[in-house]
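All of the numbers you see were taken from the coordinates with simple rules; none came from a lab. Here the structure is a predicted model, which is why all the values come from computation and not from measurement. No Cβ is skipped: glycine too gets one built from the backbone with ideal geometry, and neighbour counts run over all protein chains shown.
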Amino acid sequence: MDNLGDRKNDIANLLKNKGTVMNATQIADELECNRANVSRYLNDLYKNGDVTKSEGRPVLYQWSSVEEKEIRQKKINDKSVKEMSFKKLIGSDDSLKVMIQQAEAAILYPPRGLHTIIFGETGTGKSLFAECMYQFALESEMVKGDAPFIRFNCADYANNPQLLFAHIFGVKKGAYTGADQDKQGLMEKADGGILFLDEIHRLPPEGQEMLFTFIDKGFYRPLGESSITKEASVQIIGATTETSENFLSTFNRRIPMAITLPPISKRTIDERYGMVMNFFEQEVGRLNQDIIVERDAMLALMLYEPEANIGQIQRDIKVVCAKAFLYFRTHDATSLYIRLKDLPLNVQKGRLEGKSKYKKIDVLMDRIAKRTNEKNTQVVTFKNNETVEKNDQKPTVYETIDKKVSETDQQNLKSLNLKMLIDSDNKGYFKDYIEQLSGEGVRKELLPDDVWAVTNEVYDLAQNKLGQKYNESARFAFGLHLVSAIERIRKNVAIVHPDLNNLRQKNPKAFRVALEMADRIEHEFDIEIPLDEIGFITMFLSTDLSEKKQQNEIKVGIIVLMHGASTASSMLQTAQELLGTTKGKAINMPLDVNVSEIYDQVRDYVLDSQEQLKKGLLLLTDMGSLTSFASMLGEETGINIRAVSMTSTLVVLESLRIAIAGRELEDIYANAQHIFESSVKEQFFHMRPRKKAVIVACFTGEGVAARLYDRIVPIVNEDEVKVIRMQYLEKDAFKKHINTLMRDYDVKAIVGTVEVSYQRVPFFSALDIFNDETLQVLQRMLSDSDLTQETITALEGSINSVNSVPDLIHTIQTMIIKIQSDLQIVLDPEIIVGIMMHLAFLVDSRLKDQPIKPFDNIQEYSAEKHLQMEIVKTALIIVEKMYNITISDDEVAYIVQIFMGNTLNKISV
Amino acid sequence: MKTIMLVCSAGMSTSLLVSKMQKAAAAENYDSEIFAVGASEADSMLESKPVDVLMLGPQVRFMKDEFEKKVADKDIPVEVINMQDYGMMNGEKVLATAKTLLK
C-alpha cells in the first residue's frame, strides 16, 4: 500500500541481493531512475541502519548485517539521549536559565521529584521542556533506565469527560456498559516514570479532583472502583496555556512546582537567531539538500511577531521550505532558494519592523555574513551535512512531493502547487504535516481531535462529491456546529428545521451528501442524527449561502432614468468609466417626449432583456413621480423592480459597483437609500438614538451562536450594547430580519459561521472571535468612546472654510466606513480618529488652496496600490462634490497609506 | 528649552494641535519650541533640529517602529498621541504627555 516505500524497497532489495558495494549512480542506472532520488533514499536507508556507507567520494553503499544494524541503532539512541538534555535547549544559559534550575530541582527533589506545572503560551516549547525533564531524570538516575515517559493531551477527549477519566485512571470491569474487563490507565502505565499531561486545564472537574487526590495522598481510584485504591509512583508534569485567576488558584495551590516558559518576545535575539538557524538545519537534514536563504528573508524570520511563538516560526520555515522544494523539483532549478517574497506576508512584514531590536540587526548581519563565508553576502547557505541524523521513519513531506512530481507529466509540472498537492492528498501523507501547519492553537482549544478529524473527513468527502472547495474557516465553523449538535443529540434535545422540505428540494445534491456525512458522523460518535439536523448540515454545504462565489452569474440590472436630453447617459457614462465597465442602461427623457412613450421604451427594454434581469432591476431616477414606474413595470413584466429617486452620480456609481459585485437587489436598494440619507437627510433631522448591537448568528441560533455569545458578552457593557442571537437559515430572510433590527439598533458588527455582508456592517468569523487580538478590536468598536461631538466642538472655529463642521465630520465618517468596507479591512477606532482629523484638514486645505505636499514615489505607489487608490478616490467623490474641490493623487496616496498601513493583521486560515 | 516635534501624514492635521499646545505652553511659561511636520520631512528636521520628543498622530501609528529606529541613537522618546486628546485637539493634555515623556 505504501507506494512511497516502493522505490526505497527496490533499492534495499538490490543491495541485499547483490551483497556488494555500489554507488548511487550505479543503483540509479540499474533501476532506471533519478540519481538525486536514489541518493535521498540511500540516506534514509543509512539513517535507518539498513545500509553502511564508505568515507570519501563517490560514497559506496552496502547492505548491513543485523549486528551492524544493532550497533548503529544503539549509537543513534545514545546520541538522542544526550541531545535531549537541557543544555541542548536554546537559551539554557540565558532566558531559560532560571526555569531549568527549577526543573532540575523538581526532578532531584527526594524521594521521587516534585509534581510540576509548566505555564506558557502556545508554541513556547512546553512539551519539549517536559521531555528534557524526563531525559534529565534518566541522566541523573532519579528514575530507572527503562522508566516510562507517558504523554497525553487532555484536549483529546475533552468532550467526553468519562472517557478522559477512564483513559488516565483506568476502568474497573462493569463500570459502564461495554467495560467488560479491567482496563489499565495511563497512571498505571507511567508507574516508575513521568506522566506528562498537556493542556491540563481541559481536565474535567472529576478528573482534577482525582489528580489532586493522587498528588496529595499518592493513590487514586479507577473509574467504577469504590473499594480499592491504587498506588503508583508517578511524577506528574502538567502543561497549560491557561492563565485565568480561577485556574491558577486551583492548580497553583495543589501543584508544588510552577515553571513559566517565556513567550518569543521575551527571548533574546541571539536565542531567536539560534532557533531560526536550527529549524533550517533540521529541514536541510530532512531534504538532504542545501538551502539558500536570502539575507532579507532571514532577517524577516528573526524579527516578525509569530502568533504562536517558536512553534509558529518552525511551521513557517517548514512551509516555506516545502514550497521552495516543490519549485525546485518542478522547475529544474539549480538550487533550493528561499526569497523574502516566498514568506507569508506577516513574516515579510518583519523585515520592515526592526522594533527596538534594530541595534542587534548589525550584529546579526555580521554573524550571517561570517557564517556564509561566501562572496554573495545577500544570502545564507545551509549546507547539507550528511552526518545529521534523522530518526523518524515516516515518509517526509518532501518525499511525498517528490513522488507526486515524478507522477505528474511534464506539461502539468509547472502548474503544480503545494496547495493542490495538499488538497489531492487522500492517503493522508500530509495529514500530520498539515496539522502542524494549521492554526493548531485556537482550533485545539475548541474542537476535540476526534471532532476535527471527522469534520475534515466529511468535508473531504463533500469536496469530492460536490466539486467545491471548503476552506479551513468553513471547516472550523462546521466543527463548532458539530460539537453542539452532538451535545444536543446526546441530551435528546430535539431541534426543528423550519424549512426542511424546501431546503431539500432546492439543494438535492448537497442534501444527499449531507446524508452521507451524517452516516459517517453517526458511526463515529454512536448517535442517531435526526433529519432536521441533517438539514442544518446541508446548509453548511450549499453554495448559494456563501456570498463570495457569485461571479459570472446573472447580476441585478441597473437603469438610469433622468429628465433631460443626455443627463442619464452622461451620469451612467461617468460611473462606467470610473468602474471600467459597460454594464448598466441609460434612458434619457427629453422634455418634449411624453412620459407614456418613455414608459413603453423602458418596458420594451425590460422585456427584451428578461433573461438578464432574472435577479431583479434597480431603477435610478431623478424625480419621485418616476418611482411609480417600478410597480407598474413589475406587474407587467413579472420582474422584481425597485426604484430610487433623487439619484446623484454617486448613487449611480455605488449601485453599479455593487451590482457588478453580485449583490442582491434588496441590498443594493438599501445601499442607495443609505447614501441618499447620509448626504441629505442628516441635515434636516436627527435620527433618534439607537442602542448599539452586535448580531451573533449560526444556523441553529443555539449551538455556535451561544458559544460566540459567551465570548462577546463579557467584553461589552450590556447597558449600552445588546448582543443579539439569531438563527441564520436563509440569506434574504436573515437580512430582512436585520433590516427590522436596524430601526431599533445601531448594528455595529455581525458575527457568525457564514460570512454575511450586510450593507456596511463589518463581519467577524467565529475564528476571529476566538482570537484575542481580533476580539479586542470588536470590543473597541462596541465601546462607548464616541468622540464625534467633542471633535466637532474642537474644530468649530478652527476650520472656517466650510459652512457646517458637523456636516463635514459626518460626511467624513460615512466615507471612512465605506472605504473600510470596500477595502475589506477593519480599522481600530483609534486610527479612525486620526483619519477623521486628517480628512477634515485636507478638505480645509483644499478650500484654502494651500500647496500640496508631494507623495514620495507617487507613480510607483499608485501602480502598486492601483485598486486601493481607485477605491479611495471613488469614496472621496462625496466631499469633492460637496465642496467643489479636487483631491490630487498625492493626497489620495497619503490616505491609502494610512488605511493600509494600519490594517489589523487579521488571522488568515 | 525643549523641542517637541509632532508628525502626521503630510503634516495635515497636527498644525491646529501645535497652536493649542503653544498656547498651553505660554500659559504655564514653559520654555519650548513646538512644531509639526509631515512624515516625509521628519528625517531632515531630525537632522537639523535638536528634537527632544517626537509625537505621532494616531493615523501614522504604523510608522512608530520606523521612527524609533531612526532616533534610537539620540535617545528621543517616540509616542503615539492618545486618541481622546487627538480627537478633542486637547493641547494642554498632549503637552502634559510630552513633559512626562521628557522626564
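Stretched out straight at 0.36 nm per residue, the stretch from A:Q850 to A:D499 would grow longer than its current Cα-Cα span by 120.2 nm. For chain B, set up a GNM with springs between Cα atoms under 10 Å and report which of B:K20, B:K70, B:K49 has the largest fluctuation. Top of the fluctuation ranking is B:K49. A simple spin-label model places pseudo-atoms 7 Å from Cα toward Cβ; at A:S227 and A:Q779 they are separated by 5.5 nm. Approximating the spin labels as points 7 Å out from Cα along Cα→Cβ, the A:F247-to-A:S54 distance works out to 5.9 nm. A 24 angstrom limit on the alpha carbon distance is what I want to check against. Which of A:K126/A:K341; A:K509/A:K735; A:K583/A:K818 exceed it? Result: A:K126/A:K341; A:K509/A:K735 exceed 24 Å. Length gained on full extension, A:T581 to A:L515: 19.4 nm, using 0.36 nm per residue less the C-alpha separation. A Förster distance of 30 Å, applied to the separation of the beta-carbon atoms of A:S596 and A:E880, puts the FRET efficiency at 0.20. With a Förster radius of 56 Å applied to the C-beta separation of A:E305 and A:R603, the computed FRET efficiency comes to 0.40.
Non-local lysine pairs in the range A:169-254, meaning eight or more places apart or on different chains, with alpha-carbon distances under 18 Å, amount to 9.
How much of the calculated P(r) for the range A:438-545 lies past 18 Å, in percent of all Cα pairs?
Details: 2650 of 5778 pairs.
Summing the P(r) of the range A:438-545 above 18 Å gives 46 percent of all pairs.
Summing Lys and Arg as +1 and Asp and Glu as -1 over all other residues whose Cβ lies under 13 Å from the Cβ of A:G224 gives a net charge of +1.
Count Lys and Arg as plus one, Asp and Glu as minus one, and take only other residues whose Cβ is under 10 Å from that of A:Q181; the net charge is then +1.
Only sites in a loop by DSSP and with at most 15 other Cβ atoms within 10 Å count here; which chymotrypsin sites (Phe, Trp or Tyr not before Pro) in the range A:252-338 make the cut? Don't skip to the end; give the middle numbers.
Numbers: sites: A:Y273, A:F279, A:F280, A:Y304, A:F325, A:Y327, A:F328, A:Y337; in loops: A:Y304.
Here no chymotrypsin sites (Phe, Trp or Tyr not before Pro) fit, given the DSSP loop and packing criteria.
What's the Kirkwood radius of the range A:792-909 in Å, using all Cα pairs? In the range A:792-909 this quantity evaluates to 14.8 Å. Annotation: for a label point projected 7 angstrom from Cα along Cα→Cβ of A:N492, residues of the range A:501-533 with backbone N closer than 19 Å are A:526-533. Here the extension length gained between A:S92 and A:T334 equals 83.3 nm, from 0.36 nm per residue of separation less the Cα-Cα distance. The distance between label points at A:D890 and A:K18 comes to 7.4 nm (points 7 Å beyond Cα on the Cα→Cβ vector).
If you take the Cα Rg of the range B:2-102 and divide it by 2.2 N^0.38 Å, with N the number of residues, what do you get? Could you put the intermediate results ahead of the total?
Working: Rg = 12.2 Å, N = 101, 2.2 N^0.38 = 12.7 Å.
That works out to 0.96 for the range B:2-102.
A Förster radius of 30 Å, combined with the Cβ-Cβ distance separating B:D31 from B:Q84, puts the computed FRET efficiency at roughly 0.65.
Pairs A:K8/A:K383; B:K69/B:K103; A:K383/B:K69; A:K491/A:K722; A:K748/B:K69: which are spaced more than 26 Å apart, C-alpha to C-alpha? With Cα atoms farther than 26 Å apart: A:K383/B:K69; A:K491/A:K722; A:K748/B:K69. Can you list the HN-Hα couplings for the range A:224-236, worked out from phi with the Karplus curve (6.51, -1.76, 1.60; θ = phi - 60°), rounded to whole Hz and with x for Gly and Pro? Coupling constants for the range A:224-236: x, 9, 10, 8, 9, 9, 10, 10, 8, 9, 10, 8, 8 Hz. Output the Kirkwood hydrodynamic radius of the range A:557-683, Cα pairs only, in Å rounded to one decimal. Every distinct Cα pair counted, the radius reaches 14.5 Å.
Grab the other residues whose beta carbon is less than 12 angstrom from that of A:V833, score K and R as +1, D and E as -1, and report the net. Don't skip to the end; give the middle numbers.
On the way: positive: A:R780, B:R61; negative: A:D786, A:E790, A:D828, A:E830, B:D85.
Value of the local net charge: -3.
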